[in-house]
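The next block holds one structure in the form of structure tokens; read it before the comments.
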Amino acid sequence: MLTVLAVLAAGLLAGPRAVPNSVGRVGSLLEVFLPWLGLAVVVLFGLALLRRSAVALVALLLPVAAWTYHFGGLLLPGAEPGARDLVVVQHNVSDENTDPADTARALADVGPDLIAMEELVLPGLSVYAKTLAPDYPYHVVRGTVGLWSKHPLSDTRWVDIRPDGITEGWSRGLRAVVRTPHREIAVYVAHLPSVRVGASGLASSWRDESADLLGRAVAAERLRTVILLGDLNGTVEDRGLAPLTSRMNVAQRGFAFSYPAGFPLARIDQVMARSATVGHIRTLPATGSDHLPVAARIILG
């Protein structure tokens, strides 16, 4: 039995896309928690030792190899900072955040070039703007998402990522051109619809549709270099985000589980890039949000 479970774990790690999404989006649900299958391997290893099963121990080499192939690189240290790198911070600040000023200071303390925020609502929005103004003179807000920058912004606009069934009063996407010392970069900030896990599985149809709309917008972007920052309500392994992950690079180093803040289980706050590399990604200390902020280094090359 242990051998069978080891082979099953290896198969899920090596080919999660083989699990269908037709019923309850079970495949996506598996992909959200895929890194945690490593814990199952640890448990199986302990049981194999207790039972002194040499066959099971050998079989466990399969899931260990599969997990290492998928996630081992994330444990390696990041590259040394370069002169052309950008530091970015992404944070869903929560529309129930009771201390926006402290949150803004915590994000600025990292010294990033760009800060993206979601769930911006009054009166917190004015506090964020006032607190960040001395170090981030350029900013744009569209609906409930915003971008603060040390570098000039231009050509800012709303990006429509509303799925069918959502009408007016829902604005969760923006695009701006950031004029860095090295090149112009198109930066997108987005907050995709939430997903729910219930008895029927994963409810993510709106999130998936919104991801497709955002992916189309990125594909049509005229500037070569693109950075996407946002609460995408999905992990980079989740096939629901394939319209984005198939077009953009994701973090090469770091797990940075960001949600929920009290006991992070998954990174649903993402930093992606086109024609640039996302280096090490990490979480920052908790703020007044139910998400942890994430910070990443963008290597322009």
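Nothing in this text is a laboratory measurement; each read-out follows from the coordinates by a stated rule. Since the structure is predicted, the reported quantities are computational estimates derived from the model, not experimental observations. Cβ sites come from the backbone with ideal geometry, for glycine too, and all protein chains shown count toward neighbours.
The alpha carbons of the stretch 92-146 give a radius of gyration and a Dmax of 10.0, 26 Å, in that order.
Taking the longest Cα principal axis of the chain as reference, the axis of helix 205-219 is set at about 60 degrees. Shown for the chain is the translational diffusion coefficient from the Stokes-Einstein equation, using the Kirkwood radius over Cα pairs, a temperature of 20 °C and a viscosity of 1.002 mPa s: 106 µm²/s.
List the equivalent ellipsoid semi-axes of the stretch 154-215 in whole Å, largest first, each obtained as the square root of 5λ for an eigenvalue λ of the Cα gyration tensor. The partial results should precede the final answer.
On the way: eigenvalues 174, 35, 12 Å².
Sorted largest first and rounded, they come to 29, 13, 8 Å.
Relative to the dominant Cα principal axis of the chain, helix 61-71 is inclined by about 0°. In terms of overall dimensions, the C-alpha atoms belonging to the stretch 94-216 reach 48, 35, 26 Å along their principal axes, ordered largest to smallest. Charge tally for residue 37 (other residues, Cβ to Cβ under 14 Å; Lys, Arg +1; Asp, Glu -1): -2. Scaled to the globular estimate 2.2 N^0.38 Å, the Cα spread of the stretch 1-109, given as radius of gyration, is 1.55. Taking the longest Cα principal axis of the chain as reference, the axis of helix 37-51 is set at about 20 degrees.
Computed over the alpha carbons of the stretch 219-280, Rg followed by Dmax gives 12.0, 40 Å. Largest mean-square fluctuation among 266, 48, 129, in a Gaussian network model of the chain whose springs join Cα atoms under 10 Å apart, belongs to 48.
Summing charges over neighbours of residue 90, with a neighbour being any other residue whose Cβ is under 9 Å away from its Cβ, gives -3 when K and R count +1 and D and E count -1.
Below 8 Å, C-alpha to C-alpha, sequence gap of six or more: please give me the relative contact order for the chain in percent. It would help to have the intermediate numbers written out before the result.
Details: 655 pairs, mean separation 57.6, N = 301.
Relative contact order for the chain comes out at 19 percent.
Per residue of the chain, the DSSP helices (runs of n ≥ 4 H) give a summed -39500 (n - 2.57) that works out to -8500 deg cm²/dmol at 222 nm. Taken over the stretch 194-301, the ratio of Cα radius of gyration to 2.2 N^0.38 Å equals 1.08.
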